[in-house]
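Single-structure report; data block below.
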Amino acid sequence: MARLRDPAGFAELEVLCRTSGAGQAIREAALRRAATILAVKGGTLRDIAVGDCLELSAHVDGGSARRNAALGFYQLLHMMGVFGPDAPPRMRAFATQGQLSPAQLIDRHGIACRPVRDLLVAYLQERQPTLDHTSLTGLAAALGGLFWRDLERHHPGIDSLHLAPEVAAAWKQRVMIKTRRVVGPDGRIDHVQERRTSGLQNLAVVRAFYLDIAQWAMEEPGRWGPWAAPCPIRAEDLARQKELRSRKSRMDQRTRERLPVLPRLARQVDTTRVDAAARLQAARGTDPGATFTAAGGQLRRTVTGAGSARVWAEPTSGGKRRDLTGEEDRAFWTWAAVETLRHTGIRLEELTELSHHSLIQYTLPGTGQLVPLLQIAPSKTDTERLLVVGPELADVLAAIITRIRRPDGSVGCVSSYDPHERIWNPPMPLLFQRRFSLEQRAIPGGTIATLLRTALRDTGITDATGQPLQFTAHDFRRLFITDAVLHGMPPHIAQLVAGHRDINTTMGYKAVYPEEVINGHRAFIARRRAMRPTEEYRVPTEQEWDEFIGHFQHRKLALGSCGRSYATPCIHEHACLRCPLLRPDPDERDRLVEIRDNLIARIAEARRQGWLGDVEGLQISLHGARQKLEQVDQIVEHRRSVPLGLPSFGDSVGRNVNGGTR
């Protein structure tokens, strides 16, 4: 084809392969695919259309537009200007699913009742302007699939939102449970039912649907009025206090478990980055087939084809061949992601949206000093905010910019895919971009999550159960907020740094430590003492100390000990048997039994003699004696119990200078 059909076109494609840095594999694949299309379709390279590339990819790659060969071939033709300016610059644009309309989202679930289907479509159209596409998809799944389609399966022919109580109760029970398929060791498939984590959220979605219809019915009776119905979900059905407390406890434990190992993770990713860069640099300075030593290991550079953009090496002792170029690239971006996340506390979406334009400077009015700031683009709360760039973060950002700069010193613009809106964003000078095949490509959030998992696996850090410890990008956010508040950052400032609308959300991210509770209680006692008269904390005189000691000596009674407070009189006029402050001594149980029997005899005598006034007083004393006997039995039973071995604080937290306990 190059000799007979289109010599000029193939010559131009050859030159473009060499100047673009395409490897040998991509070059051969591009020429072969170009010849294949010309053999089947006819014409020259300039006659190839976008559909021809997609049709060939469907036959050769199985419809996948992610193969390097398909990507490189399409991009080379686009760089030649074959497709024109309106064609997408990359073949990946055909592999990503775009936005679906509300009707398409609802029709996924196959709703039989046409009027209800139209109602749900209209409802989604009303909600669409305030939701991103992912949220709209979830709303359609909850209303169309989990709610109405489920009702149609269990109640065929249903056509009204007015649900009978038994129908609503059965549905609420089903929506809280999901069935999961589990494959056993013998290959048998079992169906296991478990609680749906999003069950309450689905109930809230349906409740909001009913309440919105009722509200809109008052504004547009002709359109929404026929569908207004009593809501089957009451407010008490959405009680989430227990779930929120449980989630808060899990998240706090997760933070307490990961905060101590964060420095170790940071050191590990930095060491891996330095070692990978040293291996790649040593390999590039070594001839193919020769051995070299770097990062404490000896490798042999692999002989590759001419024009290969990657450097490969294999252990001299034998083993799997290693892609040193890919290892260095992954190590660098893992380090960059960890350092940026732990120094800023930003969300994963915000990390992928950082651009060269995010770095700005602010001049202090008083001193004229320049303060570097990092501008965080609106994401979850649509609230733009600024973060002060510290020295550590400045080093990381400088390393990233140095890596992605073009030869002319500029940062190239790349397009990123928004998974929430399912659209391609306009080209921006993003910081997290790297070379992939023939192009600079934005690093998506899924790739960063994979890099974090791989880094943690290589560190060997495990949790309390011995399993590999998992870090997510949001864990760094919780760690950042917890560490900031623990080191003195006011919560309302932490709220602004984190970009939360409610300070309670910020404090929910902050983990609580037992040591923090103890220190807080100490500080409270210190503040309370500072507010009280100073003479209360002077050294007591000998007379005052003797009176204090004498109080405890006078509390000793024949039946036990008195528990009244210091410097307070006896309010029962020493009728100890009737007093709840008497703590009986178990060794005096026989004396209590004797007193009880004597009271019973005296009551009988008073009744015989007609002394009814004495009978009433003696019965009160008899009731007190029986209570003290029961209390003695409880004390004895408690002494027989097995000790739990509760830990005690061995420092000076609860000891005073005299050895007593405060």
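Just so it is clear, none of the values below were taken in a lab; they were calculated from the coordinates. Note that this is a predicted model, so its numbers are computed, not measured. No Cβ is skipped: glycine too gets one built from the backbone with ideal geometry, and neighbour counts run over all protein chains shown.
Full extension of the chain segment joining Asp597 with Glu542 gains 15.2 nm, where the gain is 0.36 nm per residue of separation less the Cα-Cα distance. Full extension of the chain between Arg108 and Met489 gives 132.3 nm of extra length, using 0.36 nm per residue less the Cα-Cα distance.
Between Ala169 and Asp270, the contour length at 0.36 nm per residue exceeds the Cα-Cα span by 30.8 nm. Measuring r between the beta carbons of Ala567 and Arg527 and using R0 = 30 Å, the FRET efficiency lands at 0.75. Within the shell of other residues whose beta carbon sits under 10 angstrom from the beta carbon of Asn425, the net charge comes to -3, with Lys and Arg scored +1 and Asp and Glu -1.
Sorting Leu31, Leu299, Leu486 by the number of Cβ atoms found within 10 Å of their own Cβ, with the fewest placed first, yields Leu486, Leu31, Leu299.
At what distance in angstrom do the alpha carbon centres of segment 1-44 and segment 165-202 lie from each other? Result: 55 Å between the Cα centres.
Set the Cα radius of gyration of segment 262-471 against 2.2 N^0.38 Å, with N its number of residues, and you get 1.16. With q set to 0.08, 0.09 Å⁻¹, the log10 of I(q)/I(0) for the chain, from the Debye formula over equal scatterers at the Cα positions, is -0.95, -1.09.
May I ask you to derive the FRET efficiency for Glu314 and Arg457 from their Cβ-Cβ distance with R0 = 30 Å, giving the value to the nearest 0.05? Working from the Cβ atoms, E equals 0.85. Between Ala558 and Ala604, the FRET efficiency from the beta-carbon distance, with R0 = 41 Å, is close to 0.95. Highest mean first, the peptides 356-366, 227-237 sorted by other C-beta atoms within 10 Å per residue fall in the order 227-237, 356-366. Only Cα pairs under 8 Å and 6+ residues apart enter the sum, and on that basis the relative contact order of the chain stands at 8 percent. A viscosity of 0.890 mPa s and a temperature of 25 °C, combined with the Kirkwood radius over Cα pairs in Stokes-Einstein, give a translational diffusion coefficient for segment 7-94 of 191 µm²/s.
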